[in-house]
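The values are calculated or read from the model by the stated rules, or taken from the named source; none is laboratory data. Bear in mind that the values here come from a model prediction, so they are computed numbers and not experimental data. Cβ: placed from backbone, ideal geometry, glycine included. Neighbour counts: every protein chain shown. For the accessible areas, the whole protein counts, side chains as well, though only heavy atoms, and no ligand, DNA or RNA atoms are used. Shrake-Rupley method; radii C 1.70, N 1.55, O 1.52, S 1.80 Å.
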Amino acid sequence: MTVNSQPIISIRNVYKFFGSLSALNDVSLDIFPGEKVVIIGPSGSGKSTLLRSINRLESVDLGAILVDGVDISTPATDINLVRQELGMVFQNFNLFPHKTVLENLTMAPIKLRGMSKSAAQALAIDLLKKVDISDKAASYPNMLSGGQQQRVAIARALAMTPKIMLFDEPTSALDPEMIGEVLDVMVNLAREGMTMACVTHEMGFAREVADRIIFMDKGEILEVGSPDHFFDNPRHPRLQKFMQQIL
């Protein structure tokens, strides 16, 4: 992580309302190139809303979000161009059920990056090796376990060679025995230096991978610190209570 560089994501005084509900309340956060940031908090705390706002899947009502220097909160910004640099992995796998694993991985690089079919297929095979399912290239999503489908989803996001990976509770829809295989892929990705922002309840992953952990509640960031700080010396009473409940 290079903290002397400019932030690759800069969130400035962001507010988001759903009717009278304040989902994000004056949130500011910088994420630097190569940094691994894990966002935790109770259900309804705004953590997924914050993550989704980074690629404008949620538009903010006030404030600004800059991704690699581009203000995505202005209507003039071509958000589809910005999204090419942002890989996103969701709770549900969102794979195309009528396409093979290989076809799921090659569609976007061919269509959006202008990659040749042969180059896209070669990249896809390399990525399937990376996520340890190279034998599933010809399979369809319904032939795979949940853990395998999520690993395909990660590989598909990586196929666009993004600068940043966003993970929105990527293991929450998985059976317990499948969680580890997905977390292993994410740990390896972190070790390779990928910039990552991850909403998760997996505290072992947070402790191992995070450079910083962000704790949110009721749309606000209440505490920011290293894993050691969070696990050994949480300060905010709400964070102390949260950690007691989940550990």
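Taking the C-alpha atoms only, the angle from helix 237-246 to the longest principal axis of the chain is near 40 degrees. Considering segment 1-55 at the alpha-carbon level, its Rg and Dmax are found to be 12.5, 39 Å. Shape of segment 117-210 from the C-alpha gyration tensor: oblate (a/c of 1.5 or more and a/b not above b/c, with a ≥ b ≥ c the square roots of its eigenvalues). Taking all protein chains into account, the per residue accessible area for the chain stands at 46 Å² (1.4 Å probe).
Pairwise Cα distances in segment 1-145 exceed 22 Å for 53 percent of all pairs. If one takes the longest principal axis of the Cα atoms in the chain, at what angle in degrees, from 0 to 90 and to the nearest 10, does the Cα axis of helix 176-191 lie? Relative to the chain, helix 176-191 is tipped by roughly 90 degrees. Taking amide H positions as modeled 1.01 Å from N, with prolines and chain starts lacking one, the residues under 5 Å from residue 63 and 5 or more places away or on another chain are 15. With the alpha-carbon atoms of segment 64-120 aligned to their principal axes, the span from lowest to highest coordinate is 39, 29, 16 Å, starting with the largest. Relative contact order, whole percent, for segment 97-215 stands at 25, derived from Cα pairs under 8 Å and 6 or more residues apart.
Using C-alpha pairs below 8 Å separated by at least 6 residues, the relative contact order for segment 170-233 is 22 percent.
Highest average first, the peptides 135-141, 111-117 ordered by how many other beta carbon atoms sit within 10 Å of their residues are 135-141, 111-117. Across the cross-link table entries 163/218; 129/163; 99/136; 36/163; 47/241, which are compared at the Cα atoms, the separations over 23 Å belong to 163/218. Could you give log10 I(q)/I(0) at q = 0.15, 0.24, 0.29 Å⁻¹ for segment 197-247, computed by the Debye formula over C-alpha point scatterers of equal weight, without solvent? The calculated log intensity ratios at q = 0.15, 0.24, 0.29 Å⁻¹ are -0.35, -0.96, -1.43. Listed peptides 123-134, 91-102, 42-53 appear in the order 42-53, 123-134, 91-102 once ranked by packing, highest mean of other Cβ atoms within 10 Å at the front. Considering only alpha-carbon pairs that sit under 8 angstrom and 6 or more positions apart, the relative contact order computed for the chain is 25 percent. Across segment 155-247, the volume of the C-alpha convex hull divided among the residues equals 116 Å³ per residue.
Projecting the Cα atoms of 240, 141, 39 onto the charge dipole of the chain, computed from C-beta unit charges around the Cα centre, puts 141 farthest toward the positive end. Out of the DSSP beta bridges found with both residues in the chain, what percent are antiparallel (nearest 5)? So the antiparallel bridges in the chain amount to around 55 percent. Axis angle, to the nearest 10 degrees, between helix 101-112 and the longest C-alpha principal axis of the chain: 80 degrees. Computed 3J(HN,Hα) for segment 160-170, one whole-Hz value per residue from the Karplus formula 6.51 cos²θ - 1.76 cosθ + 1.60 where θ = phi - 60°, is 8, 6, x, 7, 9, 10, 10, 10, 9, 6, x, glycine and proline marked x. Can you tally the net charge around residue 151? Count Lys and Arg as +1, Asp and Glu as -1, for every other residue whose Cβ sits under 13 Å from the Cβ of residue 151. Neighbourhood net charge equals 0. For the chain, the Kirkwood estimate of hydrodynamic radius, built from reciprocal distances between every pair of different alpha carbons, is 18.6 Å. Within the accessible area of the chain, the carbon and sulfur atoms contribute 49%, probe 1.4 Å, all protein chains present.
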